[in-house]
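The values are calculated or read from the model by the stated rules, or taken from the named source; none is laboratory data. Since the model is a prediction, treat every value here as computed from it, not as a measurement. Backbone-built Cβ (ideal geometry, glycine too); neighbour counts: all protein chains shown.
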Amino acid sequence: MNVDSRRRSLISEVSYIHNFSQNTSLSAGYQNTLSHSRNKYLTSDYEPVLTENNNYVYANLGQSVGRVYFGLSTGAKLFWIKNDLNKRHFIRNLSGAQISWNISDKWNLYGNFRYSPSIPSLTELTDYPQQTTPYIISNGNPDLKVAENFIYSVGATYSYRKFSASFSSAYADIHNSVISNVSYMGDGHFLSQSVNARYTRQFQNVMTMRLNDIHGFGANLFMCLSDYRTAGDGWRHKLTAFEGSVSLWWNKGPFTISYWRKLPGKYLSGHYVGKNENGDALDVEWRPDNHWTLGVSWMYMFDRKGTRYPSWDYSSVNPRTSERYIRNNSNMITLSVTYTADFGSLFRTARRTLNNSDSSSSLLRL
């Protein structure tokens, strides 16, 4: 984009944890991000000032009764954003519940519920058109609604000696989900902006199985079957996709030989269908002591296109197919040398959990 941008932010967090007993614990906290951005667009005299005040307060109570664990959490998201053209305030609740039953040393059952809002970003809300191509004009949508995520999941785990397995099912019902949409404006120009879909639903089943240390051999299998359904004004899409991965390894003393391969699956977001990155590798690792590790990997074996990222867009106004790949990754050989230093317990006693980072974009663009 033809813009000079300067962003400053102050991020703070306060957390409190109290254990009433071995079975009861309480945690609470407050997070805040204050940011100030100034953009200077080189193709015009427009120099907007953008400000954000993002607040998050939460509390979580955990209770164990015998082999059963209960967890309840609640909180609030308070978000104020402002630029030269508009100002929006959002106050939304965040809640969750969790239950886990450790039936025996082999079996464990669990269930979760989580509600969380996805508040539109400043970029998505800003009504400032920008010419991104000779035909496409990008603009924000100040009328966007907050997407509401209702997520339910249940699962079970089983372990016996050197074998373990798990199965989980999750259902996500997203009201007013935000998607990217293209409409025709006339005179050979198209408008690209974010809009609210009528609904977005996803159902996912995941199974994993693992074998450990059978005469030095081990294996891990991952399988996932997903169903996506979404609809808007005058359109509807659905997709069923499978993805999986398998990894095998053998260890003898300081040597480890392993192979992994991923079967990438597809995913649906509005009109857009993408496919996850492919991958496979044969690894050989040598660890002569607790400090040094030397390894060599052969990645994307016998794959002339290397890393691939195919995608499709089923918009009635702007349909397209994309085949993107990185050929230099094909038959790639990587060498690695790792040294790990151990300074004893001096540094292990000080642990910080503060996630002090700013990932928001200060540019008025999609």
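Residues that are outside any loop (DSSP other than H, G, I, E, B), of a type in the set (A, V, I, L, M, F, W, C) and at pLDDT below 95 do not occur anywhere in the stretch 156-174. Just for the stretch 277-329: of the residues that are among the aromatic types (Phe, Trp, Tyr) and surrounded by 14 or more Cβ atoms within 10 Å (Cβ to Cβ), which one is nearest to Ala341 (Cα to Cα)? The selected residue is Trp298.
Each residue in the stretch 203-231 was checked for being under 27 Å from the mean Cα position of the chain (by Cα) and not in a strand (DSSP E or B), and 0 of them qualify. Of the residues making up the stretch 232-245, at least one is touching a Lys or Arg at 6+ places or on another chain (Cβ under 8 Å), buried (at least 17 other Cβ atoms within 10 Å of the Cβ), at pLDDT below 95 and assigned to a strand (DSSP E or B). Checked against (1) in contact (Cβ under 8 Å) with a residue 24 or more places away in the chain; (2) among the β-branched types (Val, Ile, Thr); (3) under 30 Å from Ser183 (Cβ atoms), Thr321 passes all but a single condition, namely (1).
Would you check which residues across the stretch 77-101 are in contact (Cβ under 8 Å) with a residue 24 or more places away in the chain and of a type in the set (Gly, Ala, Ser) and list them? Within the stretch 77-101, Gly96, Ala97, Ser100 meet the criteria. Condition check for Arg198 on (1) of a type outside the set (Asp, Glu); (2) more than 21 Å from Gln98 (Cα to Cα); (3) under 28 Å from the mean Cα position of the chain (by Cα); (4) surrounded by 15 or more Cβ atoms within 10 Å (Cβ to Cβ): one failure, at (4). Contact map, the stretch 13-28: residues that are farther than 12 Å from Ser64 by Cα and touching a residue at least 12 places away in the same chain (Cβ under 8 Å) paired with residues that are assigned to a loop (DSSP other than H, G, I, E, B) and of a type outside the set (A, V, I, L, M, F, W, C), Cβ distance under 9 Å, separation 6+ or inter-chain. Pairs shown: Glu13/Thr353; Glu13/Asn355; Glu13/Asn356; Ser15/Thr353. Cβ-Cβ contacts under 9 Å between residues 6 or more apart (or on different chains), taken from a first residue in the stretch 128-154 that is modelled with pLDDT of 90 or more and crowded, with 16+ Cβ neighbours inside 10 Å to a second residue that is part of a loop (DSSP other than H, G, I, E, B) and among the aliphatic types (A, V, I, L, M), are listed as Val146/Ile119; Ala147/Ile119; Ala147/Ala197. Could you check, for the stretch 295-318, whether at least one of its residues is among the β-branched types (Val, Ile, Thr) and over 30 Å from Tyr184 (Cβ atoms)? Yes. Those strands (runs of 3 or more DSSP E) of the stretch 1-86 in which at least 1 residues are touching a Leu at 6+ places or on another chain (Cβ under 8 Å) and loosely packed, with under 12 Cβ neighbours inside 10 Å, considering only elements entirely within it, cover 3-19. Taking the stretch 197-231, which residues are closer than 28 Å to Pro319 by Cβ and either at pLDDT below 95 or among the acidic types (Asp, Glu) (or both)? Arg198, Tyr199, Asp227, listed by residue number.
Here is the figure for the stretch 73-100: residues that are under 25 Å from Ser153 (Cβ atoms) and under 23 Å from the mean Cα position of the chain (by Cα) total 12.
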